[in-house]
Amino acid sequence: MAATRPPTFWLMKSEPDVFSIDDLKAQRRAPWDGVRNYQARNFMRDQMAVGDLVLFYHSNAKPPGVAGIARIAGAARPDPTQFDPASEAHDPGSKPEDPRWLLVDVEFVEKLPRLVSLDELKADPALAAMLVIQRGQRLSVQPVAAEHFARVRELAGSAGPATATKTATKTATKAGATKVAASAAKAAAKPASAAKAAAKPTKKASAAKLAKKASTAAKKPAKKASAAKKTATVRAKAGAGAGEGRGRA
């Protein structure tokens, strides 16, 4: 089974006197037709997926800006308005057997507490790289970075799912880093424990060697009193060393 990709974020423009966020709210779901730009079409065809979230942007308005949130509800399919001579979006060069233009279905998610105007977007340093504010950028369908999507919702006063997802990701990352650090500390402690354990047999072996030496010396007949005295001294030292060795082992 193919892995499910995380949602991508988009901005889609519509003139409010043609189709506004209030119209989508009333209809709940609607086809996003009339797109007649190849790059915008390719975004819908190749990159959009059901579940992606959309900044609903009011264009040619006073002021223009982001008015709400929508969600992609249907995969790209041929736009029937391209075959309709009565439609302003009619394209006589497009054929039903080889349609040139596509649409996606969108569904209402939220009307933002307030419109975030284009001037506000331009004035926010956090949105400096957002496509919609770039000079000459006129695409009606364009991708939006996750952090830009979350920031726009924040400016509008909307605590949307993108913000919650971002927070959850940070928490999970922090927890994972803590776990990795603990594992690293545990692994670093192992060499010290191993060295300590390796030292024990060495100490025990030294004590056993000393005890054996004392035993050998005790078996030899004493020839002189000085030799007997020396042997007794060796026994006393060897006995103490063996006892300490066993106690530590």
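The values are calculated or read from the model by the stated rules, or taken from the named source; none is laboratory data. Just so it is clear, the structure is predicted and the values come from calculations on it, not from any experiment. Neighbour counts run over all protein chains shown; Cβ positions are idealised from the backbone, glycine included.
Values computed for the structure shown
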read-out	value
Matching residues, segment 26-71, being farther than 12 Å from MET12 by Cα, in a strand (DSSP E or B) and either out of contact with any Gly (no Cβ under 9 Å at 6 or more places or on another chain) or of a type in the set (A, V, I, L, M) (or both)	ALA30
Those residues of segment 74-100 which are buried (at least 17 other Cβ atoms within 10 Å of the Cβ) and in contact with a Ser or Thr (Cβ under 6 Å, 6 or more places away or on another chain), in sequence order	THR81, GLN82
Output for segment 98-152, where each listed residue is farther than 20 Å from SER20 by Cβ and assigned to a strand (DSSP E or B)	ASP98, LEU102, PRO143
Any hit, segment 8-17, residues being over 20 Å from SER158 (Cβ atoms) and within 29 Å of the chain's Cα centre (by Cα)	no
Cβ-Cβ under 6 Å pairs, at least 6 apart or on other chains, segment 11-38 side within 13 Å of ARG71 (Cα to Cα), far side part of a helix (DSSP H, G or I) and at pLDDT below 95	none
In segment 115-132, residue surrounded by the most Cβ atoms within 10 Å (Cβ to Cβ) [restricted to those that are closer than 18 Å to ILE69 by Cβ and over 27 Å from the mean Cα position of the chain (by Cα)]	VAL116
Answer from ALA40, ALA49, ALA30, ALA70 - the residue that is at pLDDT 95 or above, assigned by TED's automatic domain parsing to the domain that holds SER140 and either more than 28 Å from the chain's Cα centre (by Cα) or among the acidic types (Asp, Glu) (or both)	ALA30
Filter pass, LEU112 being touching a residue at least 12 places away in the same chain (Cβ under 8 Å) and more than 29 Å from the chain's Cα centre (by Cα)	no
